[in-house]
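Structure first, then comments.
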Amino acid sequence: MSDEADDVLQAVARQIEDRFGVPLGELRETVAAARGASFLPTAVVRWYEDLEEAQRLLASAEDELVDALQSAPAGELDEQVMVLAQRVDTALTIRDGRALTVRHLLEDYPLPEQPATSRAARRTGSVLTTTPVPQAAPIPVRTRR
């Protein structure tokens, strides 16, 4: 189970490093040192730390479930084992949700020095910078005969 955890965390860390062009540790130090740093690096580091926490909780829940399964009578799952299984399921959902959030941030937000070329920006089109002025409707002119 820890191999899968390492794979998830390593894959997300690699995506972060590819996006920012610096090792994750260096990005963390930069964000920690720079109060008021731009949104994207700050949010990515925060969500990655939340992902690491969720992974630790998942690993702990899995260990508890394995211990309960090993001590349970063969072929029987009591209430405690079912509660632990649900806890693992919940922890996995939280971990995967946090990984998806990091991926969303990396894919859909431009870096501060880049133009808005994210999928979200392409979807919404250009932004109006002035209020449109309504055009007066033409008034039909009647001529007398």
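The values are calculated or read from the model by the stated rules, or taken from the named source; none is laboratory data. Since the model is a prediction, treat every value here as computed from it, not as a measurement. So basically every Cβ, Gly included, is an ideal-geometry build from the backbone, and we count neighbours across all protein chains shown. Note: accessible area is taken over every heavy atom of the protein model, side chains too, but ligands, DNA and RNA are not part of it. Shrake-Rupley method; radii C 1.70, N 1.55, O 1.52, S 1.80 Å.
Here are the numbers for the structure shown:
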{"quantity": "In segment 70-88, the residues that are open to solvent by 80 Å² or more (accessible area, probe 1.4 Å) and either of a type in the set (Val, Ile, Thr) or within 25 Å of Asp7 (Cα to Cα) (or both)", "calculated": "Gln86, Arg87"}
{"quantity": "Pairs where the first residue, in segment 96-109, is touching a residue at least 60 places away in the same chain (Cβ under 8 Å) and the second is open to solvent by 80 Å² or more (accessible area, probe 1.4 Å), C-beta under 8 Å, 6+ apart", "calculated": "Tyr109/Phe39"}
{"quantity": "Meets criteria (part of a helix (DSSP H, G or I) and at pLDDT below 95) for Arg123", "calculated": "yes"}
{"quantity": "Segment 34-57 residues that are closer than 13 Å to Leu105 by Cα, paired with ones that are of a type in the set (Phe, Trp, Tyr) and part of a helix (DSSP H, G or I) (beta carbon under 9 Å, 6 or more apart)", "calculated": "Leu40/Phe20; Pro41/Phe20; Val44/Phe20"}
{"quantity": "Hits in segment 1-32 (condition: under 26 Å from Ala91 (Cβ atoms), open to solvent by 80 Å² or more (accessible area, probe 1.4 Å) and at pLDDT 90 or above)", "calculated": "Gln10, Arg14"}
{"quantity": "Number of positions in segment 33-53 that are assigned to a helix (DSSP H, G or I), surrounded by fewer than 21 Cβ atoms within 10 Å (Cβ to Cβ) and of a type outside the set (Phe, Trp, Tyr)", "calculated": "9"}
